[in-house]
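**Student:** Attaching a single structure in structure tokens format; questions to follow.
Values in this text are rule-based calculations from the coordinates and carry no lab data. The shown structure was predicted, so the numbers you read here are calculated from the model rather than taken from an experiment. Cβ coordinates were reconstructed from backbone atoms using ideal geometry, including for glycine residues, and neighbour counts include every protein chain displayed.
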Amino acid sequence: MNKILAFKLWGDYAHFKKFYTTTSPLTFEFPPPPTLFGIISAVIGLDKTEYLDHFQNPDDFNLAVRIINPVKKVRWSENLIDTKHHFWRIKNRTQIRTEFLKDPAYMIYFRHNDPFIYDRLKEKLLSHHSVYSVCLGLSELLANFEHIAETRIESVHSDKEIDLPTVLPESYLSNERSIRFEGNREIFKVNYPILMQPNRIVTRREDILFERNGHPICCKLKKHWETETGEKIVFF
């Protein structure tokens, strides 16, 4: 691994549905990796029926997320209508209370071994153009994106404390006391889907730690990566 792309992703609202909620959908705090694979595929034009085929082997790609804006959640009721029989005539209507993220913004770090995927994403980011519309979880929640940098990174093994700005998979922690809980930090742990098969079966999940306001987490890790500018990163 030599170089990665860094790009910003943001929008007015987002909804990344938690798998265990149905009648009152709740949202994850940042897009899970399978969602980001779909967003990247929308930018470069991979078909929705086949894009997950390119994200099955963890050795082929790397993905990291940094929360930029504080996590803010709002809820409102949505009217769902039955359009199977007639699009313009409302026959059945269901009202559900749905949770959304307000003003979400993230920094995404991405690399792929396939030159087509990596180079095409770089090209689309630089030209600010996508093949398909980019959205944050639902088709109505359109997103914007911006190329930030292409940077070289190197892996680092150290027993020193670092300030980690990206979200943190628990498996990277050196031990159960590796996090320093500072007074102004709001650190949460949520179980996220990491890998998903083309048939939409999740094959890997992991507990992810993150700071709700986008502050770095002070911690000791088994391994991390550093960019040319000294920014610390860990991948899913």
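**Student:** Within segment 152-236, list the trypsin sites (Lys or Arg not before Pro) lying in a DSSP loop whose Cβ has at most 10 other Cβ atoms in a 10 Å radius.
**Tutor:** Values: sites: ARG152, LYS160, ARG177, ARG180, ARG185, LYS189, ARG200, ARG204, ARG205, ARG212, LYS220, LYS222, LYS223, LYS232; in loops: LYS160, ARG177, ARG180, ARG185, ARG200, ARG212, LYS220, LYS222, LYS223.
Here the trypsin sites (Lys or Arg not before Pro) that fit, given the DSSP loop and packing criteria, are LYS160, ARG177, ARG200.
**Student:** Something else about it: Explain nothing, just the number: relative contact order of segment 182-236, from Cα pairs under 8 Å at least 6 residues apart, as a whole percent.
**Tutor:** Details: 62 pairs, mean separation 15.8, N = 55.
Rounded, it is 29 percent for segment 182-236.
**Student:** Relative to the longest principal axis of the chain, what angle (0 to 90°, nearest 10) does the C-alpha long axis of helix 33-44 take?
**Tutor:** Its long axis makes an angle of about 80 degrees.
**Student:** Moving to a separate point now. Could you give the dipole magnitude of segment 3-233 about its Cα centre, charging the beta-carbon of Lys and Arg +1 and that of Asp and Glu -1, in debye to the nearest 20?
**Tutor:** Working: 33 positive and 31 negative charges, 177 e Å.
In total the dipole reaches around 860 debye.
**Student:** Related question: I'd like to know which of THR151, PRO115, VAL43 lies farthest towards the positive end of the charge dipole of the chain, counting +1 on Cβ of Lys and Arg and -1 on Cβ of Asp and Glu.
**Tutor:** The one lying farthest along the dipole's positive direction is VAL43.
**Student:** Under a cut-off of 24 Å between alpha-carbon atoms, report the lysines in cross-link reach of LYS232, not counting same-chain residues fewer than 8 places apart.
**Tutor:** Partners within reach: LYS3, LYS8, LYS122, LYS160, LYS189, LYS220, LYS222, LYS223.
**Student:** The chain: longest stretch without exposed GluC sites (Glu not before Pro) (DSSP loop, at most 16 other Cβ within 10 Å), sites themselves excluded? Display every interim value, and only then the final one.
**Tutor:** Working: sites that count: GLU50, GLU140, GLU161, GLU176, GLU182, GLU186, GLU228.
Excluding the exposed sites themselves, the longest stretch runs over 51-139.
**Student:** A follow-up question, please. With θ set to phi - 60° and the Karplus curve 6.51 cos²θ - 1.76 cosθ + 1.60, what are the ³J(HN,Hα) couplings of segment 192-203 in order, to the nearest whole Hz, using x for Gly and Pro?
**Tutor:** So the Karplus estimates, Gly and Pro as x, are 10, x, 10, 10, 9, 6, x, 7, 6, 8, 6, 9 Hz.
**Student:** Related question: How large is the dipole of segment 122-236 about the Cα centre if only Lys and Arg carry +1 and Asp and Glu carry -1, each at its Cβ, rounded to the nearest 20 debye? Display every interim value, and only then the final one.
**Tutor:** Working: 16 positive and 18 negative charges, 76 e Å.
That gives a dipole near 360 debye.
**Student:** Helix 115-127 against the longest principal axis of the chain: what's the angle in degrees, Cα atoms only, rounded to the nearest 10?
**Tutor:** 80
**Student:** For the pair SER24 and LYS91, what calculated FRET efficiency results from E = 1/(1 + (r/R0)^6), where r is the Cβ-Cβ distance and R0 = 30 Å, to the nearest 0.05? Show your work: numbers first, answer last.
**Tutor:** Values: r = 24 Å, r/R0 = 0.78.
About 0.80, to the nearest 0.05.
**Student:** List every residue whose amide H lies under 5 Å from the amide H of ARG205, counting only residues 5 or more places away in sequence or on a different chain, with H placed 1.01 Å from N in the peptide plane.
**Tutor:** Answer set, sorted by chain and number: ILE194.
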